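The values are calculated or read from the model by the stated rules, or taken from the named source; none is laboratory data. As the structure is a computational prediction, the values presented were derived from the model and not from experiment. So basically every Cβ, Gly included, is an ideal-geometry build from the backbone, and we count neighbours across all protein chains shown. To get the accessible areas, we keep the full protein, side chains included, count just its heavy atoms, and leave off ligands, DNA and RNA. Shrake-Rupley method; radii C 1.70, N 1.55, O 1.52, S 1.80 Å.
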Amino acid sequence: MAVEQVRGGKKKGRVARGRPVDLQALEEVRSLLGDAPRRRDLLIEHLHKIQDTFKHIHAKHVVALAHEMNLSPAEVYEVASFYHHFDVVKEGEAPPPPLTIRVCESLTCEMHGAKELLRALRQGLGEGRVITAPCVGRCQHAPVAIVGQNPIDQANADKVKAAVETSAVEAPVPAYIDYQKYRADGGYSLLKSCLDEGGDPETVIAAMKDSGLRGLGGAGFPAGVKWEIVKKQPGPRLMAVNIDEGEPGTFKDRHYLESDPHRFLEGMLIAAWAVGIEEIYIYLRDEYPACRQILQTELARLQADPPVQAPLPPIHLRRGAGAYICGEESAMVESIEGKRGMPRLRPPYLAEVGLFGRPTLEHNMETLYWVRDIVEKGPDWFTSHGRHGRKGLRSFSVSGRVQKPGVHLAPAGITVKELIEEYCGGMLPGHEFYGYFPGGASGGILPASLGDIPLDFDTLNPYGCFIGSAAVIIFSQHDSAKALALNATRFFEDESCGQCTPCRVGTAKAALLMEQGKWDQERLEDLCQVMADASICGLGQAAPNPIRCVFKYFPQELEG
């Protein structure tokens, strides 16, 4: 096979990086990239083009892409090998089959038979590669398998085989409110009043502060306060929108994107105007191909026919590649910059030194989704909702042993018992409420006896738990809190970025100890303390929560 020798010297003004470049691979890479810039921050986007085309990334394409982008092969390889959705094939290795079937093995899917589904597919599927996957954000339809990019809800072996046999591998796009319908219903009128009719940014920021809206990605930082902080920083200022909802049990962002995407986009543009943002980057998890198609289509329509006379900031849609850690804001920023998703040490915070070193307004997608309603209807509208002394609305992603799982918009401060009875149609027949995760895998586990705690920010802290992104997973007497805690710990082990030893080693050691029939509580508690105290980011700091909750609230499961 012909190769282009670039060892030593220069070629086309680029410094050679010590590896021969396969001419055919180089031509293929150049054809895929076309006129796209060869900037470092586009590395992950370019890797996706190779993966999508060849269903893997061969070593020869790593070298060719490195040459084309004036990077070393090691720089490209370390990024490609970091992300789950890039299949890097070394020299001499056989590539994987063209079709990959992923079976979600996270909490709710395991409760609904994911292990049995995985076993059946591995034994009876004639073609394709069957592998496990962390939460794919469709927990209300558990168990879920992904054939190529096509999600199979309430999956069984026959459904998956039918999708394979009919080559149904693309993600179907659901019906949603498109640009024309959104504008016809009054959408973007608020944006026009802000940009074209002399709106006052300070008034909008004050409304956001008065509403008490807090970040709905999990951290819960007051949105209006964040706008004020970033606005005070010197320009140019950027925005990074986090739609990498990888927390097991969470699917609210997908729900809103697949139904009313422009409400989010209008809120995003209002925030950008109020804070003085010059460019916007939307980071969308790769597990949401239908959302990606919707956003690509609707952003093109928005930009082709702007609803305002004032210029809109450039909007860049960036695609994740399968890494839960990129839900952490600084890891997401690293990924947008074309690097491995490794959390940054703080300070400085993103509001001061964020994306490309600039002050950055980072927000979860759902936080921005509520901007239009709060500004149009007033902060009192938002605060008028709530129960048990709490204020506001919460989008609860509910899954597990309930009759009506899904996204339920309910008052902040509602209890899980009220949520189950009033919104979820009660428990499934034959199932009694035994316990729940109030905030996904990292939010801890509580027993049914503590089902009257108001669900909101800060209310769960005294119990060693938190609401996070409001992913509520309900389990029954047929489930084991101990087994579910092990599932969560294995998830954290797989998703640890590996940067810090307490998290990388601690999660692995904890999972190993938990796999034993009888838990060594003293050693596990030692690991939990080290992870909580010394991990760089929230993944390692929260990983002990399910373990400690089993010790505290489910001691009966530790006997024997």
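With the helix formula -39500 (n - 2.57) applied to DSSP H stretches of n ≥ 4, the chain reaches a computed 222 nm mean residue ellipticity of -11500 deg cm²/dmol.
About its Cα centre, the dipole of the stretch 343-422 is roughly 240 debye, where the only charges are +1 on Lys and Arg Cβ and -1 on Asp and Glu Cβ. Mean separation of Cα pairs under 8 Å and 6 or more residues apart, divided by the residue count, gives the stretch 39-88 a relative contact order of 40 percent. For the chain, DSSP calls about 45 percent of its internal beta bridges antiparallel. For Arg129, the amide hydrogen comes within under 5 Å of the amide hydrogens of Leu99, Thr100, Ile101, counting only partners 5 or more places away or on other chains and with H modelled in the peptide plane. Around the Cα centre of the chain, unit charges on the Cβ atoms of Lys, Arg, Asp and Glu (plus for the first two, minus for the last two) sum to a dipole of about 1120 debye. Excluding ligands, DNA and RNA, the accessible surface per residue across the chain is 39 Å² with a 1.4 Å probe.
Considering only protein heavy atoms and a probe of 1.4 Å, how much of the accessible area of the stretch 166-237 is carbon and sulfur, as a whole percent?
Working: 2000 of 3640 Å².
After summing per-atom areas, the C and S share lands at 55 percent.
Shape index of the chain: Rg/Rh, with Rg the Cα radius of gyration and Rh the Kirkwood radius from the inverse mean 1/r over Cα pairs, equals 0.97.
3J(HN,Hα) along the stretch 309-319, derived from phi through the Karplus expression 6.51 cos²θ - 1.76 cosθ + 1.60 where θ = phi - 60°, amounts to 7, 5, x, 8, x, x, 10, 10, 9, 10, 9 Hz, with x in place of Gly and Pro. Cross-link pairs exceeding 19 Å between alpha carbons, from the set Lys231/Lys391; Lys377/Lys417; Lys404/Lys552; Lys518/Lys552; Lys209/Lys377; Lys49/Lys339: Lys231/Lys391; Lys377/Lys417; Lys404/Lys552. Computed 3J(HN,Hα) for the stretch 509-516, one whole-Hz value per residue from the Karplus formula 6.51 cos²θ - 1.76 cosθ + 1.60 where θ = phi - 60°, is 5, 5, 4, 4, 5, 6, 6, 6, glycine and proline marked x.
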